[in-house]
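Participant: Provided herewith is a single structure, encoded as structure tokens, for subsequent inquiry.
The values are calculated or read from the model by the stated rules, or taken from the named source; none is laboratory data. Note that this is a predicted model, so its numbers are computed, not measured. No Cβ is skipped: glycine too gets one built from the backbone with ideal geometry, and neighbour counts run over all protein chains shown.
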Amino acid sequence: MPNIVKRYKLDLIAKMSDIDPEEWDACLSGPTRQPGAPFLSHAFLNALEISQSANSTTGWLPQHLILRKETNELVAACPLYVKSHSQGEYVFDQNWAQAFERAGGDYYPKLQCAVPFSPVTGPRLLASAEAAEYLEYRKRIAQGLIDVTRKMQLSSLHVTFCTEADAELLKDQGFLIRHDTQFHWENDNYDDFEGFLGALTSRKRKNIRKERRFINESGIYINMLTGNDIEPQHWDAFFNFYTETYDKKWGYPYLTRDFFTQLGATMADQVLLVLAYRDGKPIAGAINFFDDQALYGRNWGCCEEHKYLHFETCYYAAIDFAISRNLKRVEAGTHGQHKLQRGYAPKRTYSAHWIENKNFRNAVANYLEEETKYRTHEASVLKEFTPFRKI
């Protein structure tokens with residue numbers, strides 16, 4: 001790929017292992033503390049690839065975009081994939097694909113700037129914060145994304161779960177912006193779980209206590225593991241729960257068993273594995289990732305169905321851990337309005353979409369205008385149903 005200007009060069013990298021981990025991770029620093037860093041790390045993205053979870057066979061062909069100075073210093077990067085479908089993205093564009101193909105076009109393959117299988121907000125235009133050119137680097141790699149899409153003659157480019165700052169920059173570059181809603185728990189400097197409950201209305205407080213008491217009286221014990229405490233048998237148990245859940249609900253587990261082995265070897269200190277036991281046997285589990293800001297809930301599964309078990313394993317244990325580590329928030333993944341009643345409030349998410357065909361772009365723009373109105377109204381209504389006491 002030709003230089004954008006004399007001082008910079010864009011390259012596409014076919015696998016994360018071809019990039020020096022320190023170089024890549026240096027682009028995560030940013031001028032401020034960046035959200036979602038565990039998922040953007042070289043270790044996480046590389047684990048997806050070498051475990052065969054994200055590759056051409058699964059429809060996630062790595063084509064990571066990097067920007068180097070003439071000194072060969074890596075100053076910006078994007079996790080980038082050629083997609084042959086729209087699975088594992090959590091920003092749903094299947095209707096767009098059907099409309100485009102009914103009109104005679106080929107929607108797939110497309111380009112996806114994202115972290116596979118991970119609906120967690122974070123920067124997508126990664127750039128080193130060492131120099132005053134931080135904004136320039138991000139602008140250049142954003143334009144590079146468009147250049148790559150055109151050069152490959154692909155229908156579209158999708159930057160999903162980006163930060164608001166990325167969305168604003170991409171909008172200036174001609175991207176269409178799409179919004180959705182997730183549910184996050186915010187830590188208001190609580191001393192413990194009871195302190196959090198004290199901020200709720202009496203009825204909601206009683207409901208949560210009842211749910212937690214039910215689990216305890218059912219003889220279910222919750223074990224929270226991180227770092228070296230996570231052993232192969234724990235990964236085996238969780239992987240069994242994970243695949244059972246996908247077999248029942250979605251039919252295709254994205255992540256391989258080796259992916260979890262890689263996590264244990266390279267970033268176990270950023271993993272919280274919550275396992276539920278009954279009669280000494282693991283019956284359910286949830287995997288979370290964390291940094292110094294937040295806990296990010298990802299996958300869960302079980303081999304026994306118990307009332308309130310999902311809430312305890314995924315939501316209440318996460319809050320307990322966040323309070324104990326003084327983390328600012330818990331991000332509980334996509335959808336699920338039932339999270340509202342458990343202290344998780346609606347938060348806006350962003351994605352950005354670049355479409356080459358002008359007629360199709362206009363149609364999508366009109367759709368997004370109406371969808372945004374709906375999402376904005378929905379979020380305002382949902383906020384009225386949070387369980388916190390009115391002050």
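Participant: Just for strands (runs of 3 or more DSSP E) wholly inside region 25-80: which have at least 2 residues that are in contact (Cβ under 8 Å) with a residue 60 or more places away in the chain and not charged (D, E, K, R)?
Facilitator: Output list reads 64-69, 74-78.
Participant: Identify all residues within region 213-231 that are farther than 21 Å from G333 by Cβ and touching a residue at least 60 places away in the same chain (Cβ under 8 Å); write none if there are none.
Facilitator: F214, S218, G219, I220 - these are the residues of region 213-231 that are farther than 21 Å from G333 by Cβ and touching a residue at least 60 places away in the same chain (Cβ under 8 Å).
Participant: So, one more: Does any residue of region 175-198 turn out to be touching a Gly at 6+ places or on another chain (Cβ under 8 Å) and of a type in the set (G, A, S)?
Facilitator: Checked region 175-198: no residue is touching a Gly at 6+ places or on another chain (Cβ under 8 Å) and of a type in the set (G, A, S).
Participant: Please enumerate the residues belonging to region 146-200 that are touching an Asp or Glu at 6+ places or on another chain (Cβ under 8 Å) and either without any contact (Cβ under 8 Å) to a residue 24 or more places away in the chain or of a type in the set (G, A, S) (or both).
Facilitator: Within region 146-200, S155, S156, A199 qualify.
Participant: OK, next. Consider N207 carefully, then state whether it is of a type in the set (S, T, N, Q), closer than 15 Å to F388 by Cα and within 25 Å of the chain's Cα centre (by Cα).
Facilitator: No, not satisfied.
Participant: While we're on this one: Report, by residue number, each residue of region 336-385 that is in a loop (DSSP other than H, G, I, E, B), in contact (Cβ under 8 Å) with a residue 40 or more places away in the chain and either farther than 20 Å from G105 by Cα or of a type in the set (A, V, I, L, M, F, W, C) (or both).
Facilitator: Of everything in region 336-385, those that are in a loop (DSSP other than H, G, I, E, B), in contact (Cβ under 8 Å) with a residue 40 or more places away in the chain and either farther than 20 Å from G105 by Cα or of a type in the set (A, V, I, L, M, F, W, C) (or both) turn out to be G336, G343, Y344, F385.
Participant: How many of the residues making up region 167-191 are of a type in the set (F, W, Y), under 20 Å from the mean Cα position of the chain (by Cα) and more than 22 Å from L340 (Cα to Cα)?
Facilitator: 0
Participant: Now, a different point. Is it the case that F238 is within 24 Å of the chain's Cα centre (by Cα), within 30 Å of C303 (Cβ to Cβ) and not assigned by TED's automatic domain parsing to the domain that holds E378?
Facilitator: So F238 passes the test.
Participant: Can you say whether Q173 is modelled with pLDDT of 95 or more and among the polar types (S, T, N, Q), as far as the supplied structure shows?
Facilitator: Judged against the criteria, Q173 is a match.
Participant: When you scan region 292-313, how many residues do you find that are over 18 Å from F39 (Cβ atoms), of a type outside the set (D, E) and free of Cβ contacts under 8 Å to residues at least 60 places away in the same chain?
Facilitator: Looking only at that region, the number is 1.
Participant: Is it fair to say H310 is within 22 Å of T372 (Cα to Cα) and surrounded by fewer than 19 Cβ atoms within 10 Å (Cβ to Cβ)?
Facilitator: Answer is no for this residue.
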